[in-house]
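Below: one structure, written as structure tokens.
The values are calculated or read from the model by the stated rules, or taken from the named source; none is laboratory data. Note that the coordinates shown come from a computational prediction; the quantities given were computed from them, not determined experimentally. Cβ placement follows ideal geometry from the backbone for every residue including glycine, while neighbour counts extend to all protein chains displayed. All accessible areas refer to the heavy atoms of the entire protein, side chains included, with ligands and DNA or RNA removed. Shrake-Rupley method; radii C 1.70, N 1.55, O 1.52, S 1.80 Å.
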Amino acid sequence: MASLQLDIVTPDKLVLSTDVEYVGAPGLEGEFGILPGHVPFISALAVGGLHYNKEGKTRWVFISGGFAEISEDKVTILAESAEEAENIDAARAELARKRAEERLSKKGDPDVNIVRAEATLQRALVRLSITGR
Ligand code: ATP
């Protein structure tokens, strides 16, 4: 079967580099799918779950937004942070969720950065939705 090379890169490390059959990525305007031979394009990504199919299995990776560059047989994801589902620390994400919810409950407090707390909450909720997938 024709295959795609999927690379997921963050400023810290190469999170994943593997041959896959299909990639479903969280585009800013909704999920998009990539099969081998796709026309080249670049897309901004939302905070969300990316999934790929390989040898009959579907695997999930948390992506904190970023960009996807697609060429005929290669998908490169550049993200601020990314974790494969099995590497997500659910307890850490749960703590991040609680901290963010506490901050959001103090909306009138000038020391609370609401936009930042909302972004943290979203990352935590998406991570929690991917753990165990
Ligand atoms: P936290 O407050 O727990 O750091 P965060 O959403 O602010 O959460 P990020 O800024 O997205 O964290 O990521 C910082 C680094 O920590 C990245 O390398 C990311 O992969 C890692 N990371 C954050 N949360 C988790 C988690 N729940 N499981 C595994 N790695 C995580």
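Things to note:
- For ALA119, net neighbour charge (Lys/Arg +1, Asp/Glu -1) across residues whose Cβ lies under 14 Å away: +3
- Debye log10 I(q)/I(0) at q = 0.12, 0.14 Å⁻¹ for the chain, Cα point scatterers: -0.49, -0.64
- Over the range 2-103, Cα pairs under 8 Å with separation of 6+ residues give a relative contact order of 27 percent.
- Length added when fully stretched, GLU102-ASP7, from 0.36 nm per residue minus Cα-Cα: 30.6 nm
- Pairs of Lys residues in the range 1-115 are counted when their Cα atoms are under 28 angstrom apart and they lie 8 or more places apart or on different chains; the count is 8.
- The range 35-75 shape via C-alpha gyration tensor axes, a/c threshold 1.5: oblate
- Note on the range 1-70: with neighbouring protein chains present and a 1.4 Å probe, carbon and sulfur make up 52 percent of its accessible heavy-atom surface.
- Taking Cα atoms only, the orientation of helix 114-130 departs from the longest principal axis of the chain by about 50 degrees.
- Extension gain for PHE32-LEU95 works out to 19.6 nm (0.36 nm per residue, less the C-alpha to C-alpha distance).
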